[in-house]
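Undergrad: Structure provided below as structure tokens; questions to follow.
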Amino acid sequence: MRLVTLRRQGPGGAGIVLGDEILDLAGCAEVIPAARALPASLRGILAGGDASLDFLRRVADLALGDADRLRESRALVPAATAILAAPLPDTGMILSAGLNYHAHLHEMNTPVPTRPYAFAKSAGAIIGPGEAIVLPPAAPDMVDWEGEFSAVIGRRCHNVAAAEALDYVAGYTLINDVSARDWVAPVFAATGTMGPVMAWDQNLLGKQFPTFCPMGPALVTRDEIADPDAVELTTSLNGEIMQSANTSDLVFGVRQLIEFYSRFYVFQPGDVITTGSPAGVGYGRTPQIFMKPGDRIEVRASGIGVLSNPVVAG
């Protein structure tokens, strides 16, 4: 299934993509009374585990059998005109893997890590498809893209083995880990003990600005993607491909990331783990390229769709 969150006032907005239409789960209750049992938000639905997802599939089947009445009640709307929010605007955690594509490590002149590395990305930075990335007035000139394939946790997850890790995944989405690169050069120039620590911390703060976490366009359930280690991923700036990769180039795949980080974190349904940026970021190019007002950045992956966002001045 392809699950989305419709952008509207108030809580909720969960929907199911049915072909070229979207079923509004909150709006379909008059035609499909069983839908009243569903939580309003996609995160709430995920908290119900596999049973909730199986129930969603039954609701989808009922909707396909009563499509005309659902269209009349405006509970089944054209996907082309629907305005989407991020699938999980209320996620409890975004854990962003870094240093995790061999080709990206090469372009950034960085050694291959011996264990996974990740940092927390602010949930307050989340925006949905079509919403604008705002260049921050404090650091507008070196704002870069990082299109990332991301796993969404489906049930409480702590201290699990890699062989079982995908059993805890509800599905997958895309995140653009937008980053102000002003503080990358100081990381490589820092010396002493605290100098590199403080420089790296400042670099991570450059990833936390409002609007710096586009997410979407959908959450695709795990059964729709046979192998998360074989997903084609591209990022385009104004139609020109900047990043083109396959998740087979990951240093640590989804299974290994979940195994390692679940030793320390207790992941909950709706938490998101990004898998890192492929090669092709603007900072690593010669000459360097950064986003500017009027640009459009698009991240796409086979099986998930296109996450498209305009860029505006702050």
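Bear in mind that the values in this text are calculations on the coordinates, not laboratory data. Note that the coordinates shown come from a computational prediction; the quantities given were computed from them, not determined experimentally.
Undergrad: Which of the three applies to the chain, rounded, prolate or oblate, going by the alpha-carbon gyration tensor with a ≥ b ≥ c and a/c under 1.5 meaning rounded? Mind showing how you got there, number by number?
TA: Numbers: a/c = 2.11, a/b = 1.57, b/c = 1.35.
Prolate, because a/c is 1.5 or more and a/b exceeds b/c.
Undergrad: Sticking with this structure for a sec: For Asp20 and Thr191, compute 0.36 nm times the residue count separating them, minus their Cα-Cα distance, and round to one decimal in nm.
TA: Numbers: separation 171, 0.36 × 171 = 61.56 nm, distance 5.53 nm.
Between Asp20 and Thr191, full extension yields 56.0 nm more.
Undergrad: Output wanted: per-residue J couplings in Hz (rounded whole) for segment 225-236, from phi through Karplus 6.51 cos²θ - 1.76 cosθ + 1.60, θ = phi - 60°, x for Gly and Pro.
TA: Each residue of segment 225-236 in turn: 10, 5, 9, x, 9, 8, 10, 7, 9, 9, 10, 10 Hz.
Undergrad: Report the extension gain between Ala47 and Leu205 in nm, rounded to one decimal, defined as 0.36 nm multiplied by the number of residues separating them, less their alpha carbon distance. It would help to have the intermediate numbers written out before the result.
TA: On the way: separation 158, 0.36 × 158 = 56.88 nm, distance 3.03 nm.
Gain in length upon complete extension: 53.8 nm.
Undergrad: Moving to a separate point now. Relative contact order (percent) for segment 89-313, with alpha-carbon contacts under 8 angstrom and 6 or more residues of separation?
TA: Values: 553 pairs, mean separation 77.4, N = 225.
For segment 89-313, the relative contact order is 34 percent.
Undergrad: Between Val272, Val17, Val197, where does the largest GNM mean-square fluctuation fall for the chain, given springs only between Cα atoms within less than 10 Å?
TA: Top of the fluctuation ranking is Val197.
Undergrad: Right, here's the next one. Asn100's amide H: which non-local residues (gap 5+, or another chain) put their own amide H closer than 5 Å, with H modeled 1.01 Å from N in plane and none for Pro or chain starts?
TA: Counting only residues 5 or more places away or on other chains, the set is Ser277.
Undergrad: What's the extension gain from Thr110 to Glu72 if we count 0.36 nm per residue and subtract their Cα-Cα distance?
TA: On the way: separation 38, 0.36 × 38 = 13.68 nm, distance 5.67 nm.
Full extension from Thr110 to Glu72 adds 8.0 nm.
Undergrad: Using only the Cα atoms of segment 179-259, construct the convex hull and provide its projected area averaged over every direction, in square nanometres to one decimal. List each step's numbers first, then the result.
TA: Details: hull surface 32.3 nm².
With the hull built on Cα positions only, its mean projection is 8.1 nm².
Undergrad: Per-residue HN-Hα couplings for segment 102-107, Karplus 6.51 cos²θ - 1.76 cosθ + 1.60 at θ = phi - 60°, whole Hz, x for Gly and Pro?
TA: Calculated HN-Hα couplings, in order: 4, 5, 5, 4, 5, 5 Hz.
Undergrad: Could you check which residue among Ile45, Ile22, Ile83 shows the biggest mean-square fluctuation in a GNM of the chain with a 10 Å Cα cutoff?
TA: Ile83
Undergrad: Between Val251, Val143, Val112, where does the largest GNM mean-square fluctuation fall for the chain, given springs only between Cα atoms within less than 10 Å?
TA: Val112
Undergrad: Scanning the chain for helices, which whole DSSP H stretches are 24 Å or more long along the axis (Cα) and average -1.0 or more by Kyte-Doolittle? Don't skip to the end; give the middle numbers.
TA: Details: long enough: 49-65 (25 Å, 0.38).
The answer, listed by residue number, is 49-65.
Undergrad: What is the distance in Å between the Cα centres of segment 253-314 and segment 120-184?
TA: Here the answer is 5 Å between Cα centres.
Undergrad: While we're on this one: Report, for the chain, the % of DSSP beta bridges that are antiparallel, rounded to 5.
TA: Working: 55 of 63 bridges.
Counting only bridges with both partners in the chain, antiparallel ones make up about 85 percent.
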